[in-house]
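**Q** Take a look at the following structure, please.
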Amino acid sequence: MQDGMIEIDARGLLCPLPVLRLRKRLLQLPSGTQVRLLATDPASWIDVPHFCREGGHRLVAAETAGEVRRYVVERG
């Protein structure tokens, strides 16, 4: 959390745990807050965008660095 953004480290967790952790954290935050999610589960590449669409959140960024997938999600 070097830049002040809330970060969820879900590396090593398998589906659906990364999205469940993201959901739990977002529920505690006001609309417009951005959260960074780190995940290694390849299924997160599908799960996170789907979760955002279904939950009314905005997927701000999604990138891969090696085996780690980084997402920035803004609470809707």
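**Q** Take the conditions touching a His at 6+ places or on another chain (Cβ under 6 Å), small (G, A, S) and without any contact (Cβ under 8 Å) to a residue 60 or more places away in the chain and apply them to G76. Does it pass?
**A** Details: touching a His at 6+ places or on another chain (Cβ under 6 Å): yes; small (G, A, S): yes; without any contact (Cβ under 8 Å) to a residue 60 or more places away in the chain: yes.
It is true that G76 is touching a His at 6+ places or on another chain (Cβ under 6 Å), small (G, A, S) and without any contact (Cβ under 8 Å) to a residue 60 or more places away in the chain.
**Q** Could you grab me the full set of residues in region 53-76 that are closer than 14 Å to L38 by Cα and in a loop (DSSP other than H, G, I, E, B)?
**A** Scanning region 53-76 gives G66, E67.
**Q** Of all residues being farther than 15 Å from A65 by Cα and of a type in the set (D, E, K, R) in region 17-43, which is surrounded by the fewest Cβ atoms within 10 Å (Cβ to Cβ)? Just the residue, please. Please lay out each step first, then the result.
**A** Looking only at region 17-43, we keep the residues that are farther than 15 Å from A65 by Cα, and these are 17-35, 43.
Those left that are additionally of a type in the set (D, E, K, R): 21, 23-25.
Numbers: R21: 17, R23: 14, K24: 10, R25: 17.
So the residue we want is K24.
Taken together, the values in this text are just the output of simple stated rules run on the coordinates, not laboratory data. Keep in mind that what you see is a predicted model, and the values were worked out from it rather than measured. Glycine also receives a Cβ, built like all others from the backbone with ideal geometry; neighbour counts cover every protein chain displayed.
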